[in-house]
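Down below is the structure, laid out as structure tokens.
Every number here is computed from the coordinates shown, using simple stated rules; none is lab data. Everything numeric in this text was worked out from a predicted model, so none of it was measured. A quick note on method: Cβ atoms are made from the backbone with ideal geometry, for glycine too, and the neighbour counts reach across all protein chains shown.
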There are 2 protein chains.
Amino acid sequence: MLDLVANSPSGDSVTDRLLRVLETFTPTRTVQTAAEIGRRAGLPPSSAHRIVAELVEAGLLERDDERRIRIGMRLWELATRSSHALRMRQAAMPAMERVQSRIREHTQLAILEQDEALFLERLSGPGAGSNVTRVAGRLPLHASSSGLVLLAYGEPELQNRILTAPLPALTRETITDASALRRKLAEVRLLGHAVARGSIELVSTGVAVPVRDETGRVVAALSVVLPRDAAVEAALIELHAGKREIEQALGYRG
Amino acid sequence: MLDLVANSPSGDSVTDRLLRVLETFTPTRTVQTAAEIGRRAGLPPSSAHRIVAELVEAGLLERDDERRIRIGMRLWELATRSSHALRMRQAAMPAMERVQSRIREHTQLAILEQDEALFLERLSGPGAGSNVTRVAGRLPLHASSSGLVLLAYGEPELQNRILTAPLPALTRETITDASALRRKLAEVRLLGHAVARGSIELVSTGVAVPVRDETGRVVAALSVVLPRDAAVEAALIELHAGKREIEQALGYRG
DNA sequence: TCCCGATTCTCATCCAATGGGAGTCGTGTC
DNA sequence: GACACGACTCCCATTGGATGAGAATCGGGA
């Protein structure tokens, strides 16, 4: 490929490139030079600089004092202002705060997104226990309590996809057997909640309940993360109260 | 313009177009058909469909059951995971919850963004008063208490820009005179907080304090919105406690 | 049944995007 | 103070992917 070419000989569309550029940013790498971005996104230096400059112009990226690049707030604004799911987050916040203040452990809200549980919010008091979850982070459906709820009440087609795919173990207590998972899902539907002990981290137990919108579909999971051997009853009571509060805010008349 | 052309004869780059497409979404219009998007973004129908399909493929937009288009969660994820400012939001949440639970009025966190105050978070108990602020919403610097704080501690160049531009009135109590604003800013710096009575909505009063990061720069404003004639002392005490808590989380040793 | 709008597909056209290269700037090293 | 290295900017010949008119298809409502 030593020839002079134009219009992305690499065969990727402009959209692809923009996305690759944005994806070079991670939770641990929030500022980069334009050249770094280019290297990581697999772009020639001059192209990288041009594209980054364009994105800065558009407000999707920002240049700080030292001329380095950060993700622009414009991106977050666009996404947050106009997103259906994030309006749900807003509706759920008061209930989440209540649960958090009573249980005093991590309180989370997750939705189904591309066959994973995506966490929209996490409230954590001081002194709350261990928790790998992060806002805008993801966890696999078969391992997290939130994921189990979203999976148990999800489309049959989703369940098939997950049950026929490999079930990677995060700990030695993660369910990795399809038929065991199938039984677990039946249990979740029967009880109306999911308890996941040690399946994400050995030291903690997740407890989650489904949240329905006005159409009656399960659209989210409300959960708390307790120390591994804590009793779940008190948490369940608060989760159900919180769940009902959110459902009312969403217009569900159960 | 009846001739056959290629590569956007309209003279706009691909980035521009993508941004225009994303900007057709608003808080009140979160789902649209591809054709609607095209009309609003000023794109020919076939181009609109192609671009929308590309963005759906990339995950920046999503198609719902009825084939209509929504903003994709991917966009929010990218922005939230990798943004400096949103990590600050996360660091501020516990303090904000505390302030909210004590004052029981809207508690907000704002940053400076493109010469406006951009609200990163708003906690609102049940029964809190009126409030025009929205998460991911903006307010002018000269009118809101958060804006006054950000402006008072901002770069001189920012202050010049604002002070020499027109100062639109949101209510009859908004400061619209440059020299009055200059005096107000001096007062804010002297007192270490801003009180804005009726300048956004006549029925409410904003109270805001600055928040500094580890470099000592003011990077955010923590504020509450009280009923117009409420006493501000109790709120100020909580705001200062909250501010200090956030600054410690950010590594500021004041 | 017809109609109208949304959507998909095709394809000739051609210009905006491309990326090598050369040069500048700033910083850190010996 | 010279040198090395990397980030960045500018330039420009090249061209293939993006473009949008148009035709066809789909789908819902009257």
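Quick notes
- Net charge, A:ARG98 excluded, C-beta distance under 10 Å - Lys, Arg +1, Asp, Glu -1: -2
- Remark on chain B: Rg and Dmax equal 21.3, 69 Å (Cα only).
- Of the residues B:VAL232, B:VAL135, A:ILE69, the one whose Cα sits farthest toward the positive end of the charge dipole of the protein assembly as shown, with +1 on the Cβ of Lys and Arg and -1 on the Cβ of Asp and Glu, is B:VAL232.
- For B:SER13, inter-copy label distances in nm, listed shortest first [label point 7 Å out on the Cα-Cβ vector]: 1.9
- The shape of the protein assembly as shown can be summarised by an equivalent ellipsoid whose semi-axes, obtained from the alpha carbon gyration tensor, come to 36, 34, 21 Å from longest to shortest.
- Working note: Cα atoms of region A:79-207, range along each principal axis, descending, whole Å: 38, 35, 25.
- When B:ASP177, A:ASP65, A:ASP16 are sorted by how many other C-beta atoms sit within 10 angstrom of their C-beta, beginning with the fewest, the order is A:ASP65, B:ASP177, A:ASP16.
- Of the trypsin sites (Lys or Arg not before Pro) found in region B:173-254, those that fall in a DSSP loop while having at most 10 other beta-carbon atoms within 10 Å are B:ARG253.
- Sorted by Cβ neighbour density within 10 Å, fewest at the top, the residues B:HIS240, B:HIS193: B:HIS240, B:HIS193
- Between A:ASP16 and B:GLU155, the FRET efficiency from the beta-carbon distance, with R0 = 45 Å, is close to 0.75.
- Magnitude of the charge dipole for region B:27-68, about its Cα centre and with charges confined to Cβ atoms of Lys, Arg (+1) and Asp, Glu (-1), is about 240 debye.
- Three-way shape label, region A:13-78, alpha-carbon gyration tensor, a/c 1.5: rounded
- Ellipsoid semi-axes for region A:168-254, based on the Cα gyration tensor and the rule √(5λ), read 25, 16, 10 Å when sorted largest first.
- Among A:ARG40, A:ARG89, A:ARG134, the residue with the largest mean-square fluctuation in a Gaussian network model of chain A, with springs joining Cα atoms closer than 10 Å, is A:ARG40.
- Averaging the sequence gap over all C-alpha pairs within less than 8 Å and six or more residues apart, then dividing by the number of residues, gives chain B a relative contact order of 15 percent.
- Inter-label distance for B:ALA53 and B:GLU233, nm, one decimal - labels placed 7 Å from Cα along Cα-to-Cβ: 6.8
- In a reduced charge model with +1 at each Lys and Arg Cβ and -1 at each Asp and Glu Cβ, the protein assembly as shown shows a dipole moment near 620 debye about its Cα centre.
- Centre separation in Å (Cα based) which lies between region A:39-84 and region A:199-250: 36
- Once C-alpha pairs closer than 8 Å and six or more residues apart are averaged by separation and normalised to the residue number of region B:81-131, the relative contact order reads 32 percent.
- Shortest-first nm distances, B:PRO166 label point to equivalent points in other copies (7 Å, Cα→Cβ): 6.4
- Among the GluC sites (Glu not before Pro) in region B:166-254, those located in a DSSP loop and surrounded by at most 13 other Cβ atoms within 10 Å of their own Cβ are B:GLU214.
- Cβ nearest the rotation axis (A onto B), residue from chain A and distance to the nearest whole Å: A:VAL14, 2
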